[in-house]
Amino acid sequence: MRTWRTLLNNESGVALVLSLMMLLALTGLLLAFLSVSALEPQISKNIADTSRARYLAEAGIELGFNMLVNNPSLSTAIGTANASVPWVALVTNGTLSGVTSGGAGAEGTFAGNYNVVVRNDYLASDQALTGVNPASLGPCSPPAAETVTADCNGILIMRSTGTFNGASKTIEVVVRRAQLPPFPGAVNLPGAQSDTFINTGTFDIDGRDYGCSSSCDTASNWTLTGASAAHPNKFGIASHSGTQTNINTPFETNIENAVSGDPAKLADIKGRQQGGSITSYNTGTQTIAPDDSLDSTKLATYLDKVRNYAGTTILQSTQACPMQITGTSTPTNQVTVSNGCSGSNAPPVTTLDLGSRTNPKLVYFKGDPDPTSLFTGLQMNSGIKGAGILVIEDGDLKNLGNFTWDGVVIVTGKFVGSGFMSGSTTTIRGAMVANETQPGESNGYFEFYLHGSALGLTIHNSKQNIDMIQLAKGTHTITNWREL
């Protein structure tokens, strides 16, 4: 018994066992720490690669958006789609400078690219994404529902996938284009009044189609394209159907009264024959016609879209501080902006880019409704030219200088009118719209006014320029951004 107690009380060698156990535990911990430390660089690399992949996807979205903006017809972008393969490639294996496939940077060899595809919003399920029912008739001409290859509502769905060193990110967005309403005439008076005053027999309003292939700053290079389905004739002056309530006269007749009985005036209005085909032609009252393809509601719907786009800059013109733009002796698209006020009431910009045919702009002036009809929302002085869409809302437009515009000029709102004053020269190639939304405006104020001492007025229909203004970035937006 003493021998067993002796053996049990003998602790010699325990320290060695404990040491071995502690060494084993510490070795395990060391191995675990080493394993984690070995994974940290890989985790960091994966996060960095994923971030780079996302940047590449964003770059693809920007490039794809610009490609769609610069495409006059969104249907062209999706024209090769089919029900089995609805996605159409916009960019394949796109790369960025410094992030190229197989390139070498500060961090070694890497590979990165992006691919961009687009499709139409033709599926019933797309309404949850776009907020628009693809089965509803879009604003194209003629109105139609969406199909896999034909866009009518100005909405496409675009995806961009960025790939970097095996990591990938996909971004999906909705691209929206504000669809231009139709312009049935060279001059359009679609609103509640069509009061017209023309006090000269020297002007040129022509609904036939004009185009230009080179040196388009030279007026003589704009020539007739020839009437066809692709280039239809439009009316010289188009009005709303119905009767102007304050004078109990049809809108069409109200316009015709401004030129009837004067052969020179009648000869200067040209375009599609009222009641005729798109290739028909006549002059005078025969090309002044009612056409409800453009009305105040359609115009307001379009302007609501472009007005509310994040990129749209609206220049406020008030009765106390009315806006003026002034050019130079040689017409320029870089104009000076002023309103006669200072401090917080001064214009937000002192110079303004009015665009060009290669870079059309949306230029928007918002006025101040004046029941006296005396407020000039925008006055133009000296030599001015521009391209795109010029909008003056709730105020008159008055040209006192030399003004040339490629695209569409829209004057719209309450108590408004367009005035081409004494000494002025005006050239508009595209369409002119004067839309009075307030019925019962006092007599003596006009939606379309041409002074007898104006030096010249030329308003020509141009499909080329109307197609061109669809390229203005101000009429496009990206919404519903999400990662997949």
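Things to note:
- Per residue, the convex hull volume that the Cα atoms of region 305-379 enclose (Å³): 124 Å³
- Accessible area in the full protein assembly, largest first, 1.4 Å probe, for Tyr122, Tyr281, Tyr55: Tyr55, Tyr281, Tyr122
- You can think of it this way: the chain between Ser260 and Glu483 has 74.0 nm of extra reach, that is 0.36 nm per residue less the Cα-Cα gap.
- Karplus 3J(HN,Hα) series, Hz, for region 370-381 with 6.51 cos²θ - 1.76 cosθ + 1.60 (x for Gly, Pro): 10, x, 7, 6, 9, 7, 9, x, 8, 10, 10, 10
- Convex hull of Cα atoms in region 399-463, direction-averaged projection (nm²): 4.5 nm²
- With every protein chain in place, region 153-286: carbon and sulfur % of accessible area (1.4 Å): 48 percent
- Using the Karplus relation 6.51 cos²θ - 1.76 cosθ + 1.60 with θ = phi - 60°, the per-residue 3J(HN,Hα) values for region 279-287 come to 9, 6, 8, 7, 10, x, 5, 6, 10 Hz, with x marking Gly and Pro.
- For the chain, the antiparallel share of DSSP beta bridges with both residues in that region comes to about 40%.
- Per residue, the convex hull spanned by the alpha carbons of region 140-183 comes to 83 Å³.
- Rule-of-thumb Rg ratio for region 369-478 [Cα; 2.2 N^0.38 Å; N residues]: 1.08
- Placed amide H near Gln316: partners under 5 Å, 5+ positions off or other chain: Lys366
- Spatial extent of region 183-251: Rg and Dmax, with the Cα atoms as the point set, Å: 15.5, 48
- Of the residues Val85, Val409, Val148, ranked by 1.4 Å probe accessible area with the largest first, the sequence reads Val85, Val148, Val409.
- The label-point distance for Leu374 and Lys45, in a model that sets each label 7 Å from Cα toward Cβ, rounds to 7.8 nm.
- Cα centroid separation, region 222-273 to region 334-362 (Å): 33 Å
- Across Lys298/Lys385; Lys234/Lys298; Lys414/Lys463; Lys398/Lys473, pairs whose alpha-carbon gap is larger than 25 Å: Lys298/Lys385; Lys414/Lys463; Lys398/Lys473
- Rounded accessible area of Lys385 (nearest 10 Å², 1.4 Å probe): 70 Å²
- With DNA, RNA and ligands ignored, accessible area of Phe415 (1.4 Å probe; Å², nearest 10): 40 Å²
- Nitroxide proxy distance, nm - points 7 Å out along Cα→Cβ at Ser342 and Val148: 6.7 nm
- A cut-off of 5 Å between modelled amide H atoms, ignoring neighbours fewer than 5 places along the same chain, links Asp121 with Ile157.
- In order through region 349-356: 3J(HN,Hα) via Karplus (6.51 cos²θ - 1.76 cosθ + 1.60), integer Hz, x for Gly, Pro: 9, 9, 10, 9, 8, 8, x, 9
- A convex hull fitted to the Cα coordinates of region 196-330 yields 215 cubic angstrom per residue.
- Over region 238-379, relative contact order from alpha-carbon pairs under 8 Å, at least 6 apart, %: 18 percent
- Each of Ile392, Ala434, Met67 was placed along the dipole of the chain (beta-carbon charges, centred on the mean Cα), and the one lying farthest toward the positive end is Met67.
- Using only Cα coordinates, the Kirkwood hydrodynamic radius of the chain works out to 26.1 Å.
- Accessible surface for the chain, divided over its residues, is 45 Å² per residue with a 1.4 Å probe.
- Over all Cα atoms in region 251-371, the spread is summed up by Rg and Dmax: 19.9, 56 Å.
- Once all protein chains are placed together, Leu24 keeps about 130 Å² accessible to a 1.4 angstrom probe.
- Each of Asn66 and Thr243 was given a label point 7 Å from its Cα along the Cα-to-Cβ line. The distance between the two points is 5.7 nm.
- Charge dipole (debye, nearest 20) of region 313-454; +1 at Cβ of Lys and Arg, -1 at Cβ of Asp and Glu: 440 debye
The values are calculated or read from the model by the stated rules, or taken from the named source; none is laboratory data. The model shown is predicted, which means the values in this text are computed figures rather than measured ones. FYI the Cβ positions are ideal-geometry reconstructions off the backbone, even for glycines, and counts take in every protein chain you see. Quick note on the areas: whole protein, heavy atoms, side chains included, nothing else; ligands and nucleic acids left out. Shrake-Rupley method; radii C 1.70, N 1.55, O 1.52, S 1.80 Å.
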